[in-house]
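Participant: Below you will find the structure I want to go over with you.
The values are calculated or read from the model by the stated rules, or taken from the named source; none is laboratory data. Everything numeric here is computed off the predicted structure, so don't read it as measured data. These area figures cover heavy atoms from the full protein model, side chains too; ligands, DNA and RNA do not enter into them. Shrake-Rupley method; radii C 1.70, N 1.55, O 1.52, S 1.80 Å.
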Amino acid sequence: MHSAELSAAALSRVDHLVYTVPDLGAAVEALEERLGIRAAPGGRHEGRGTRNALISLGERTYLEVLGPDPKGPAPERTRWFGVDALAMPRLAGWAAAGKDLQRIVEEAARAGVTLGAVQEGSRRRPDGVVLSWRFTDPTVVVADGLMPFFIHWGDSSHPAASTPPGATLVGLRGEHPDPERVQGMLRAAGVALDVRAGAVPALIATLDTPRGRRELR
């Protein structure tokens, strides 16, 4: 595929982007200034030590701003996406929509790519509604974070439906010192992403916002 085709294929699979931050309140303020949209509180991940705020990027796509939960108990395990070690915000990963997650894991394994095990997740929205989902373990980092984890919302309402609108995801690409190897791993999991040569691994999202076109990385 050419770059434009890879980008279109990736956009068709994005469920959400994970933007990790050391301080959620400060990040919400900074993103509102930069994007012109204020992220809405999403809720706490019980037992994980994290909380989030969300911005819609499309009908079934959103930006998750993920940070530590200072009011919650310290988690028994390291927080998701390296939140504990963050010095500054970064686009740390992405989730791809899928249905038969076990099949995705098994097909990737046959091609030599080990994804995270399928597990259950949930969080309670500020209005009391509990969202639940199935996903592959996002703590299993593949291709230096350019491989998505996979998620299926089942009967739960998709978060994008109740999240502040106004932004649109128009591009997603990666950078990596070995882009061909990474693209091969992505193909093994049934996803596409435009990965270009770069000195360090990076995920870059392009958004159309009320403040114009912006990049997150």
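Participant: At a probe radius of 1.4 Å, what is the per-residue accessible area of Glu180, in Å² to the nearest 10?
Facilitator: 150 Å²
Participant: Express in nm, to one decimal, how much length is gained between Gln102 and Trp153 on full extension, taking 0.36 nm for each residue of separation and deducting their alpha carbon distance.
Facilitator: Extra length available between Gln102 and Trp153 comes to 16.9 nm.
Participant: Moving on. Leaving out ligands and nucleic acids, and using a 1.4 Å probe, what accessible area per residue does the chain come to in Å²?
Facilitator: Details: 10360 Å² over 217 residues.
Here the residues of the chain average 48 Å² of exposed surface.
Participant: Over the chain, calculate the relative contact order: mean separation of alpha carbon pairs under 8 Å at least 6 apart, over the residue count, as a percent.
Facilitator: 25 percent
Participant: Please give the calculated 222 nm ellipticity per residue for the chain, where each DSSP H segment of at least 4 residues contributes -39500 (n - 2.57) and the sum is spread over every residue; nearest 500 deg cm²/dmol?
Facilitator: Computed mean residue ellipticity for the chain: -5500 deg cm²/dmol.
Participant: At 0.36 nm per residue, and after removing the present C-alpha to C-alpha distance, how many nm does the segment from Ala74 to Gln119 gain when stretched out fully?
Facilitator: So the extension gain works out to 14.1 nm.
Participant: Multiply the residue gap between Arg110 and Asp127 by 0.36 nm, knock off their C-alpha separation, and tell me the result in nm, one decimal place.
Facilitator: 1.9 nm
Participant: Could you check how much of the accessible area of the chain is carbon and sulfur, as a whole percent, using a 1.4 Å probe? If you can, show how the numbers build up before the last one.
Facilitator: Numbers: 5140 of 10360 Å².
Carbon and sulfur atoms account for 50 percent of the accessible area of the chain.
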